[in-house]
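Asker: A single structure is presented below for examination.
The values are calculated or read from the model by the stated rules, or taken from the named source; none is laboratory data. Every value quoted in this text rests on a predicted model; they were computed, and no experiment measured them. All Cβ positions, glycine included, derive from the backbone under ideal geometry; neighbour counts span all protein chains shown. Only protein heavy atoms, including side chains, enter the accessible area calculation; ligands, DNA and RNA are left aside. Shrake-Rupley method; radii C 1.70, N 1.55, O 1.52, S 1.80 Å.
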Amino acid sequence: QVQLVESGGGLVQTGDSLTLSCAASGSSLSTYVMGWFRQTPGKERDFAAAISALGTLTDYADLAKGRFTISRDNAKNTVYLQMNSLKPEDTAVYFCAAGTQGPRRRIASYAYWGQGTQVTVSS
């Protein structure tokens, strides 16, 4: 079992930066693909970014390309999402997830999820 806890969310202004963290316990993350998703009320959870188990490969949704950077520190059992040039449309609850197989952009590929952290970007 993997327990994931996100942190780092908050209220920021347009153009600001924010770094989210996802700390794991219960198991090492070093064998898991890690992903970040986001969700707004009434909408589906959207893929934002993913990183391979060893951190050698990354994948970004169009919404994240050029602004978000996913990284991981397996020694600290933590994954990060650095978000720059934030926009009001980035307002959402951000979730991290751990998975072992399947397309990294698919929700069903991830077995473990955190509880989410709220990011609010004011205009």
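Asker: Could you name the aspartates and glutamates whose alpha carbon sits less than 16 Å from that of Lys76, not counting residues in the same chain fewer than 8 places away?
Answerer: Within the straight-line cut-off, Lys76 pairs with Glu6.
Asker: Taking the Cα centre of the stretch 1-105 as origin and charging only Cβ (+1 Lys, Arg; -1 Asp, Glu), how large is the dipole, in debye to the nearest 20?
Answerer: 140
Asker: Additional query: What's the local net charge at Thr58, with K and R +1, D and E -1, over the other residues with C-beta under 13 Å away?
Answerer: Net local charge, Thr58 excluded: +3.
Asker: A further question follows. With unit charges on the beta carbon (Lys/Arg positive, Asp/Glu negative), name the residue among Val2, Ile70, Thr117 whose Cα is farthest towards the positive pole of the charge dipole of the chain.
Answerer: Of the candidates, Val2 comes out farthest on the positive side.
Asker: Give me the 1.4 Å probe accessible area per residue for the stretch 22-123, excluding ligands and nucleic acids, in Å².
Answerer: 49
Asker: Further question on the same structure: If I stretch the segment between Lys43 and Ser30 completely, what's the gain in nm (0.36 nm per residue apart, minus their alpha carbon distance), one decimal?
Answerer: The span from Lys43 to Ser30 would gain 1.6 nm if fully extended.
Asker: What is the magnitude of the charge dipole of the stretch 70-110 about its Cα centre, with +1 placed on the Cβ of each Lys and Arg, -1 on the Cβ of each Asp and Glu, and no other charges, expressed in debye to the nearest 20?
Answerer: 180
Asker: Then there is this: Report, to the nearest whole %, how much of the accessible area of the chain belongs to carbon and sulfur atoms, 1.4 Å probe, protein only.
Answerer: Ligands and nucleic acids excluded, carbon and sulfur reach 49 percent.
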